[in-house]
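Every read-out reported here was derived from the displayed coordinates using simple, explicitly stated rules and does not represent laboratory data. This is a predicted model, so every value here is computed, not measured. Note that each Cβ is placed from the backbone with ideal geometry, even for glycine, and that neighbours are counted across all protein chains shown.
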Amino acid sequence: MPKRMRLLGTFLAATPLVAALAFRAPPITVWLAGDSTMAQKQPDRRPETGWGEALQPCFDSNEVRIANRAMNGRSTRSFVAEGRWKAIIDSLQPGDYVFIQFGHNDEKVGTSNYSSPEEYGRNLARFVDDVRAKRG
């Protein structure tokens, strides 16, 4: 077989692999927005953990990336006020997921975290609307 034909055969055999690698979808990101029950904890706080810490080992990090933005002591109100929700929405890509867990800090009357039941409902509805608008 002439050298030119061998080169063409090699090129054609490699083309599907090159195309597959070039068009590989980026990993899906699962964003976590919540309070201490979900948040990443510091090693010196062990055995305290948030359930969000245990999620990444359940997935191949080349396919699913966990972005845990949960923070201790946060409520729907403080998460928005501190710009944490905006940071998630600004980074959210179509096909990403957002897991939202708030509640026990929102109910603390007399604190800056307090959200009335109506405000709490509006905040959660806003979160859902924002994610859907970004096709998450």
Taking the options 83, 110, name whichever one is more than 25 Å from residue 129 (Cα to Cα) and without any contact (Cβ under 8 Å) to a residue 12 or more places away in the chain. 110
Test set (1) assigned to a loop (DSSP other than H, G, I, E, B); (2) under 13 Å from residue 34 (Cα atoms) - residue 110 fails condition number: (2)
